[in-house]
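Novice: The structure is given below, and queries will be raised subsequently.
The values are calculated or read from the model by the stated rules, or taken from the named source; none is laboratory data. Remember, it's a predicted structure, so these values are computed and weren't measured experimentally. Neighbour counts run over all protein chains shown; Cβ positions are idealised from the backbone, glycine included. SASA here: full protein model, heavy atoms, side chains in, ligands and nucleic acids out. Shrake-Rupley method; radii C 1.70, N 1.55, O 1.52, S 1.80 Å.
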Amino acid sequence: MKITVAGAGYVGLVTSAGLAELGHSITCIDIEKEKIDMLQNGLSPIYEPGLELLIKKNLRNGQLKFTMSPDQAYSAADIIFIAVGTPEEKDGSVDLKYIHVVSHTIAHYIKKDVIVCTKSTVPVGTNELIKQIIQSRKSTSINAEVVSNPEFLREGSAVLDFFQGDRIVIGADNPEAATIMEQIYLPLKIPIIKTDIKSAEMIKYTSNAFLATKISFINEIANLCEKVGANIEEVAYGIGYDKRIGHEFLKAGIGYGGSCFPKDTRALVQLAGNVKYPFELLEAAIKVNNHQQSLPVLKAKELLGSLKNKRVAILGLAFKPDTDDVREAASLIIIKELLEEGALVRAYDPIAIPNAKKLLGNSIEYAYNLHYALYEADFAIIVTEWEQIKHVRLDIFQTYMKEPIVIDGRNCYSLEEIEKYPITYLSIGRQGVYKGRPKDEMSIINF
Ligand code: UDX
């Protein structure tokens with residue numbers, strides 16, 4: 001099978017490298033020359049653990065090629081995956097311009113029967129649109145089947161998720177096309193769900209919306225725990241034993257970010273609105289998440305009063321660990337609020353500083369190690385639970401900071417450990433610790 005993947009983003013690249021690793025002959029096409037130049041030299045334009053190794057290996061053995069030529073990519077392909085970006089419009093709807101362009105290009109260049117398989121996250125009904133575009137512009141002698149095959153890759157573990165995903169969803173009107181797609185994935189030995197196209201498109205949005213809602217739910221419980229004196233980590237552990245709830249995605253913190261949950265939840269609310277269905281629960285989950293991202297600055301102001309001219313160490317810029325992606329990261333909201341309060345910000349992240357700099361410029365300082373970020377800081381905010389942050393010796397805060405005050409947005413440390421140090425430590429869904437003493441033992445302490 002000759003397979004083409006349109007789009008060399010994190011979905012397109014992981015799909016290309018993964019399918020090549022399964023033994024398929026893959027051509028990956030993109031419109032960005034510098035991206036393709038890097039890839040043809042075996043370099044990955046994105047940080048994704050394990051991806052560059054897979055690209056190098058399959059480039060070398062000829063299973064994987066990169067091109068900018070639509071004729072080379074589409075004319076001889078048996079299957080074409082669409083993995084182009086579907087960014088967000090200002091009103092929350094999905095911008096389908098790249099889907100339109102790639103559909104027209106495919107229609108123009110295909111010279112034989114082909115299956116066009118949409119991997120990009122697209123609103124329900126988009127595959128129908130792709131089919132219409134291709135049907136109306138291709139030569140009549142060619143048959144082009146359209147299939148929906150949404151991805152469930154998490155950034156930072158996308159290669160792992162490709163090979164060890166929970167399920168593969170194939171939405172098709174034509175059973176033969178579904179069977180051909182099934183053959184592509186058989187070597188993975190992952191459960192394959194075959195359904196209709198619209199249900200496949202809806203499965204993708206529903207998955208992300210449910211996971212985002214689960215996060216907002218546990219974050220509301222965390223906020224309640226703080227008020228009643230319970231510990232969210234204990235509560236999450238206790239409810240997670242119920243198989244109907246599970247332990248995953250119950251990590252309370254400052255909410256979700258990234259290029260998927262924020263965009264996909266807003267798109268689903270939009271889509272529901274378009275068919276006159278107000279999706280109240282999802283709207284509430286989005287509202288909770290927006291508030292959650294502002295908690296660290298609210299806590300800092302409660303503790304310290306004015307933040308003007310206060311030096312703050314931001315620990316973590318990426319929206320989650322093991323990625324350099326800062327799209328809709330909590331760090332961007334928190335830094336914006338701190339700058340509005342007149343604070344002086346110095347941010348550390350092991351790999352996301354270059355991407356953060358593109359957005360923040362020189363409005364803040366950047367630290368390439370934790371010690372410099374903490375040096376002489378009045379307080380620190382933990383935004384991303386990098387291993388490098390989770391496993392520091394806790395005396396680091398009193399060693400480098402003007403005053404060891406830590407606001408932990410990702411609950412990186414146990415209260416038991418923290419209480420061994422003269423740290424003032426506020427986290428999410430747990431009681432505060434003041435200079436090593438739990439809240440209920442706290443005498444009046446002057447800060
Ligand atoms: C998500 C979905 O998991 C994936 O299936 C889909 O294909 C793309 O969107 P991703 O956004 O890359 O993947 O990362 P994920 O690990 O899901 O985390 C998303 C956000 O939720 C991160 O900001 C993370 O910090 C946050 N999160 C996650 C929590 O706050 N608590 C949790 O328990 C889990």
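Novice: Which condition number in (1) part of a helix (DSSP H, G or I); (2) of a type in the set (Asp, Glu); (3) open to solvent by less than 50 Å² (accessible area, probe 1.4 Å) is the one that Asp71 fails?
Specialist: With respect to (1) part of a helix (DSSP H, G or I); (2) of a type in the set (Asp, Glu); (3) open to solvent by less than 50 Å² (accessible area, probe 1.4 Å), Asp71 is out only on (3).
Novice: Here are the criteria: (1) crowded, with 18+ Cβ neighbours inside 10 Å; (2) over 25 Å from the mean Cα position of the chain (by Cα); (3) within 16 Å of the ligand (Cβ to nearest atom). Tell me which single one Gly238 does not satisfy.
Specialist: With respect to (1) crowded, with 18+ Cβ neighbours inside 10 Å; (2) over 25 Å from the mean Cα position of the chain (by Cα); (3) within 16 Å of the ligand (Cβ to nearest atom), Gly238 is out only on (1).
Novice: While we're looking at this one, here's another question. So, Leu53, is that one outside any loop (DSSP other than H, G, I, E, B), surrounded by fewer than 16 Cβ atoms within 10 Å (Cβ to Cβ), of a type in the set (A, V, I, L, M) and under 27 Å from the mean Cα position of the chain (by Cα) or not?
Specialist: Here the answer is yes, as Leu53 does meet what is asked.
Novice: Among Lys320, Lys299, which is in contact with a strand residue (DSSP E or B) (Cβ under 6 Å, 6 or more places away or on another chain), open to solvent by 20 Å² or more (accessible area, probe 1.4 Å) and touching a residue at least 24 places away in the same chain (Cβ under 8 Å)?
Specialist: Being in contact with a strand residue (DSSP E or B) (Cβ under 6 Å, 6 or more places away or on another chain), open to solvent by 20 Å² or more (accessible area, probe 1.4 Å) and touching a residue at least 24 places away in the same chain (Cβ under 8 Å) holds for just one of Lys320, Lys299, which is Lys299.
Novice: Another question about this same structure. Looking at region 272-289, can you tell me whether even one residue there is in contact (Cβ under 8 Å) with a residue 24 or more places away in the chain, under 12 Å from Phe217 (Cβ atoms) and open to solvent by 30 Å² or more (accessible area, probe 1.4 Å)?
Specialist: Scanning region 272-289 turns up at least one residue that is in contact (Cβ under 8 Å) with a residue 24 or more places away in the chain, under 12 Å from Phe217 (Cβ atoms) and open to solvent by 30 Å² or more (accessible area, probe 1.4 Å).
Novice: A further question follows. Go through region 139-155 residue by residue and tally those that are open to solvent by 30 Å² or more (accessible area, probe 1.4 Å) and part of a loop (DSSP other than H, G, I, E, B).
Specialist: Going through region 139-155 one residue at a time, the tally reaches 6.
Novice: For region 333-398, list the helices (runs of 4 or more DSSP H) that sit wholly inside it and hold at least 3 residues that are buried (at least 19 other Cβ atoms within 10 Å of the Cβ); which are they?
Specialist: 353-360, 370-374
Novice: If you scan region 262-271, which residues turn out to be within 13 Å of the ligand (Cβ to nearest atom) and open to solvent by 30 Å² or more (accessible area, probe 1.4 Å)?
Specialist: Listed by number, the list holds a single entry, Lys263.
Novice: If you check every pair at least six apart or on different chains, which have Cβ atoms under 7 Å apart with a residue in region 139-167 that is within 22 Å of Asp264 (Cα to Cα) and basic (Lys, Arg) first and a residue that is at pLDDT 95 or above and within 16 Å of the ligand (Cβ to nearest atom) second?
Specialist: Arg154/Asp161; Arg167/Ile190; Arg167/Pro191; Arg167/Ile193
Novice: List, please: which pairs have Cβ atoms under 8 Å, are six or more places apart or on different chains, and start with a residue in region 72-99 that is free of Cβ contacts under 8 Å to residues at least 40 places away in the same chain and end with one that is open to solvent by 50 Å² or more (accessible area, probe 1.4 Å) and in a strand (DSSP E or B)?
Specialist: Asp95/Glu88
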